[in-house]
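As structure tokens, the structure follows; a few thoughts come after it.
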Amino acid sequence: MSTAVRPASFDRTHTDDLIAFLSASPSPFHAVASAAERLEKAGFRRVAETDAWDASAGGRYVVRGGALIAWYVPEGAGPETPFRVVGTHTDSPNLRVKPVPDTGSAGWRQVAVEIYGGVPLNTWLDRDLGLSGRLALRDGSVTLVQLDEPLLRVPQLAIHLDRQVNDGMKLDKQRHLTPIWGLGKVTEGSLIEYVAERAGLAASDVIGWDLMTHDVQPPAYLGKDRELLAAPRLDNLLSVHAGTAALAAVAAAGGELGCIPVLAAFDHEETGSESDTGAQGPLLGNVLERSVYARGGTPEDRARALAGTVCLSSDMGHAVHPNYTERHEPGHQPMPNGGPILKVNVNNRYATDALGRAVFTAACEKAGVPWQTFVSNNSMPCGTTIGPITAARLGITTVDCGIAALSMHSARELCGADDPYLLAAALKAFLEG
Ligand code: ZN
């Protein structure tokens with residue numbers, strides 16, 4: 001473990017901004033817009049993948065659906081200058097609207113949903129749910145929609161009708177997760193009509209949509225001393241937010257760097273990353289390569305740049321659970337507010353090795369933040385993330401890190417309120433090279 005000491009009196013400005021980020025980002029598309037807004041404020045400009053890119057210094061970013069890649073070219077960077085990449089993901093497990101959404105039963109109007117990612121189903125019961133996502137319009141444009149009031153609810157069966165519920169709840173994914181959203185006759189097209197109207201559009205103009213539900217309860221500081229943060233989508237918007245803040249801070253400091261700092265925020269991590277906006281796709285590789293070529297680089301420069309590149313993949317990890325300590329590795333029990341965690345798995349569920357550990361600890365030491373290590377109990381399967389995928393896809397040194405949390409993938413997760421800032425400070429030190 002590290003020897004750095006957590007600051008005694010802690011400024012919550014960073015965590016307050018994370019709360020605003022989470023509230024404004026119920027879908028991956030919104031998360032990308034929230035990150036872009038902060039990057040624009042820091043002087044980054046958006047470039048289109050279809051445009052020719054130039055060699056000038058400064059910050060820029062690319063958006064594709066629910067993914068964003070941002071990078072800052074410092075003065076004096078050459079085509080062979082290596083990259084330092086913070087890797088994250090924008091998606092979270094949730095309930096998403098099916099193509100024919102209007103359904104119902106026994107006089108109730110309901111919305112058909114499909115389960116996205118590894119959802120602990122019980123955590124979505126009896127929550128007041130809003131709707132968000134993107135609408136594809138007839139004129140070829142896309143618009144974001146965010147309805148934050150209680151619209152839907154997956155009601156739990158009363159205990160009087162299921163006396164065995166506390167012996168182990170069984171939920172059928174098809175029958176028991178369909179939210180209600182009113183009373184009366186089911187009318188085909190009414191959900192999209194409603195969403196279109198709320199977005200100020202004619203329903204006939206909406207010809208495609210990616211819509212999903214979210215808990216409308218706002219994030220909150222929790223505990224006697226308010227040292228914890230209860231919020232949805234900490235996995236992994238906490239890292240997206242920290243990476244955005246870190247990159248913006250490096251760009252604001254300016255000056256010469258030995259690397260080109262990059263933020264990669266991928267979509268579809270929760271379903272295996274295999275998409276055009278996921279870590280298995282070519283998006284990050286294309287951006288890095290085009291950045292080399294825009295500075296007049298050759299294939300040899302590209303190879304040299306990638307050979308010196310390091311990716312720090314940041315995603316949520318498990319804090320030790322006080323009610324289930326036996327599920328954790330006794331010698332590796334990360335705690336909230338203990339600083340970022342280094343994730344290790346010798347079977348390559350995490351990409352960290354000795355060299356990666358050295359990069360991570362150097363960044364934490366430089367930033368003066370404490371850090372911890374995570375390894376799973378041998379009798380528990382270990383999760384994975386975009387780290388090993390990025391390492392394999394691009395052949396670059398990759399390290400997996402994150403923040404310790406309870407209730408990962410729940411509709412409402414829990415972490416330390418100081419950790420978001422500590423992670424951002426470590427990521428900034430890493431991005432400085
Ligand atoms: Zn995650």
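The values are calculated or read from the model by the stated rules, or taken from the named source; none is laboratory data. Every value quoted in this text rests on a predicted model; they were computed, and no experiment measured them. Backbone-built Cβ (ideal geometry, glycine too); neighbour counts: all protein chains shown. Protein only, heavy atoms only, side chains kept; ligands, DNA and RNA dropped before computing areas. Shrake-Rupley method; radii C 1.70, N 1.55, O 1.52, S 1.80 Å.
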## Note on the structure
Restricted to the range 316-375 and to residues being aromatic (Phe, Trp, Tyr) and within 24 Å of the chain's Cα centre (by Cα), the residue nearest to Ala249 (Cα to Cα) is Phe360
### Message
I'd like to know if the range 242-254 contains one or more residues that are touching a residue at least 40 places away in the same chain (Cβ under 8 Å), under 18 Å from Leu129 (Cβ atoms) and outside any loop (DSSP other than H, G, I, E, B).
### Response
no
### Message
So the check is Cβ under 6 Å with 6+ separation or different chains; which pairs have a first residue in the range 302-318 that's open to solvent by 50 Å² or more (accessible area, probe 1.4 Å) and a second one that's more than 16 Å from the ligand (Cβ to nearest atom)?
### Response
Arg302/Glu289; Arg302/Val292; Arg304/Glu80
### Query
Across the range 291-316, what is the total count of residues that are closer than 21 Å to Ala429 by Cα and either within 16 Å of the ligand (Cβ to nearest atom) or touching a Phe, Trp or Tyr at 6+ places or on another chain (Cβ under 6 Å) (or both)?
7
### Query
Can you name the residue in the range 242-275 that is of a type outside the set (A, V, I, L, M) and touching a helix residue (DSSP H, G or I) at 6+ places or on another chain (Cβ under 7 Å) and, of all such residues, is surrounded by the fewest Cβ atoms within 10 Å (Cβ to Cβ)?
Ser273
### Query
How many residues are within 16 Å of the ligand (Cβ to nearest atom) and touching a His at 6+ places or on another chain (Cβ under 6 Å) when one looks only at the range 317-334?
0
### Task
State all residues of the range 222-241 that are among the hydrophobic types (A, V, I, L, M, F, W, C), touching a helix residue (DSSP H, G or I) at 6+ places or on another chain (Cβ under 7 Å) and more than 13 Å from the ligand (Cβ to nearest atom); if no residue qualifies, say none.
Leu229, Ala231
### Query
Quick one: is Thr50 open to solvent by 20 Å² or more (accessible area, probe 1.4 Å) and polar (S, T, N, Q)?
yes
### Message
Need a quick list: strands (runs of 3 or more DSSP E) entirely within the range 1-114 having at least 2 residues that are in contact with a Cys (Cβ under 7 Å, 6 or more places away or on another chain).
### Response
83-89
